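Only one structure is covered here, and it is reproduced in the block below.
The values are calculated or read from the model by the stated rules, or taken from the named source; none is laboratory data. Here the structure is a predicted model, which means the values were calculated and not measured. Cβ: placed from backbone, ideal geometry, glycine included. Neighbour counts: every protein chain shown. Accessible surface areas use protein heavy atoms only, side chains included; no ligands, DNA or RNA. Shrake-Rupley method; radii C 1.70, N 1.55, O 1.52, S 1.80 Å.
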Amino acid sequence: MKKKISELAIFGGLPTFSEKLHVGRPNIGSRQILLQRINDVLDRKWLTNNGPLVQEFEQEIASLVGVKHCIATCNATVGLQIAIKACELKGEVIIPSFTFIATAHALQWQGIEPIFCDVDPHTHNIDPQKIEPLITDKTTGIMGVHLWGRGCNVEALQEIARRYSLKLLFDAAHAFGCSYRGQMIGSFGNAEVFSFHATKFCNSFEGGAIVTNDSELAKKIRLMKNFGFSDFDCVDDIGINGKMNEVSAAMGLTSLESIDDFIDINIENYKQYQQELSNIPGVNLIAYDKKERCNYQYVIVDIDESITGIDRDKLYRILWAENILARRYFYPGCHQMEPYRSRIADMGLMLTNTRHLAARILALPTGTAIGKREISKICQILRLATTGGKITNEMLYQNVCAC
Ligand SMILES: *Cc1c(COP(=O)(O)O)cnc(C)c1O
């Protein structure tokens with residue numbers, strides 16, 4: 001019978017959690033206001049097709065981000081697909097591999113080949129210096145990802161895009177409410193796309209938004225997300241159904257009203273992790289620039305096995321055995337998943353920083369669903385597992401991991 005850390009007397013008998021602690025448990029704002037809004041939707045009988053709540057949600061996002069146009073979508077992946085299509089990207093588009101698979105799939109879905117670029121080992125974002133060698137005569141764009149809400153090196157990307165006449169898009173799924181060099185993320189490049197998926201700190205159940213200062217592009221995107229309809233019985237171009245519905249917008253608006261609270265809680269959680277992890281050698285919390293606005297929705301640790309004596313994957317399994325569902329974002333990297341993996345077999349050799357990070361990074365639970373006690377326990381488990389006292393890491397692993 002395998003035992004959990006919490007059952008091992010030597011570790012002081014930590015209680016097992018009654019509930020699993022996930023990364024990305026949803027933040028939920030005022031239930032009362034949400035239900036009132038949903039009631040109003042039902043009374044109005046205007047459930048979708050650019051309803052008043054979607055319009056309000058779009059205006060709120062545009063003003064929060066300081067951008068001219070916001071087009072809400074059913075999710076960020078479809079939002080990316082529409083933005084990519086509206087920018088007329090084709091051939092090849094350069095993206096980081098160290099991202100959620102949707103960044104790559106949004107391109108491949110429409111027959112555009114994602115060309116994977118390595119990331120900067122410190123920022124975890126696409127490394128502008130590695131882009132130029134990847135540019136071919138088929139390249140039409142670059143799509144950066146503001147990973148963990150930390151802005152890409154926007155100036156360098158803009159400069160490359162300008163020099164080679166490429167379009168520049170950003171997958172800003174992590175970066176709603178974040179700034180880069182004092183400017184809110186959302187107004188960079190040709191367009192940026194936010195996600196309001198349930199796992200993101202501000203959610204609309206499912207949802208996304210394309211933001212841009214380009215009025216022509218915004219117009220095109222509006223048509224595209226509604227089948228290309230410019231009027232009743234009049235279709236101007238190819239389109240898709242990318243519309244957000246009113247219930248999602250009700251949730252989105254309700255979330256928006258609480259985002260300052262959500263961020264404050266995330267900051268509190270982050271500070272507690274920072275303090276409690278500070279005396280655990282080899283478990284390094286990634287930093288956010290205090291000069292920038294940040295949503296702090298990701299608590300990311302880098303596991304230095306040469307110091308901890310235990311690798312990230314073992315640590316991950318120990319946490320899961322303790323019902324702490326930490327995540328190995330973004331292991332193993334998009335280039336190691338299909339359909340990309342078979343196509344580019346030796347890609348891993350080129351993406352050394354991506355490979356390195358994908359083997360070391362762990363995302364820990366945060367948000368409103370977690371309290372001080374839970375964070376302390378998570379840190380205690382990390383402490384025990386990495387500096388395991390009388391028990392060697394190998395023994396601990398054998399004891400804890402049935403998996
Ligand atoms: C969440 C996420 C997406 C996809 O967002 P959906 O709204 O779920 O479609 C895309 N890219 C990144 C980096 C993400 O984290």
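Using all pairs of distinct alpha-carbon atoms, the Kirkwood hydrodynamic radius of the chain works out to 22.2 angstrom.
Sorted on the mean count of surrounding Cβ atoms within 10 Å across their residues, most packed first, peptides 156-162, 378-384 read 378-384, 156-162. Every Cα-Cα pair of the stretch 159-271 was included, and the share exceeding 23 Å stands at 41 percent. The mean sequence distance of close C-alpha pairs (under 8 Å, at least 6 residues apart), as a share of the length of the chain, puts its relative contact order at 22 percent. Relative protection proxy for 34-44, 89-99, from highest mean packing down: 89-99, 34-44 (other beta-carbon atoms within 10 angstrom).
With all protein chains in place and a 1.4 Å probe, the accessible surface of the chain carries 52 percent carbon and sulfur. Residues whose amide H lies under 5 Å from that of L325, counting only those 5 or more places away or on a different chain, are L21, H22, V23; hydrogens are built 1.01 Å from N in the peptide plane.
Packing around the peptides 188-198, 251-261, taken as the average count of other Cβ atoms within 10 Å per residue, puts them in this order, highest first: 188-198, 251-261.
With no solvent and one point on each alpha carbon, what is the Debye value of log10 I(q)/I(0) for the stretch 82-217 at q = 0.12 Å⁻¹? Debye output, listed in q order: -0.41. Among the listed pairs K85/K220; K167/K220; K200/K314, which are separated by more than 20 Å between their Cα atoms? Exceeds cut-off: K200/K314. Close amide-amide hydrogen proximity is noted between I115 and V93, I94, I95, each under 5 Å apart and 5 or more residues distant or on a separate chain (H modeled in the peptide plane; Pro and chain starts excluded). Over the stretch 31-257, with the other protein chains present, what is the accessible area per residue in square angstrom, probe 1.4 angstrom? Ligands and nucleic acids excluded, the figure is 41 Å² per residue. The share of Cα pairs per 10 Å bin across the stretch 31-257, counted from zero up to the longest distance, runs 9, 35, 35, 17, 5, 0 percent.
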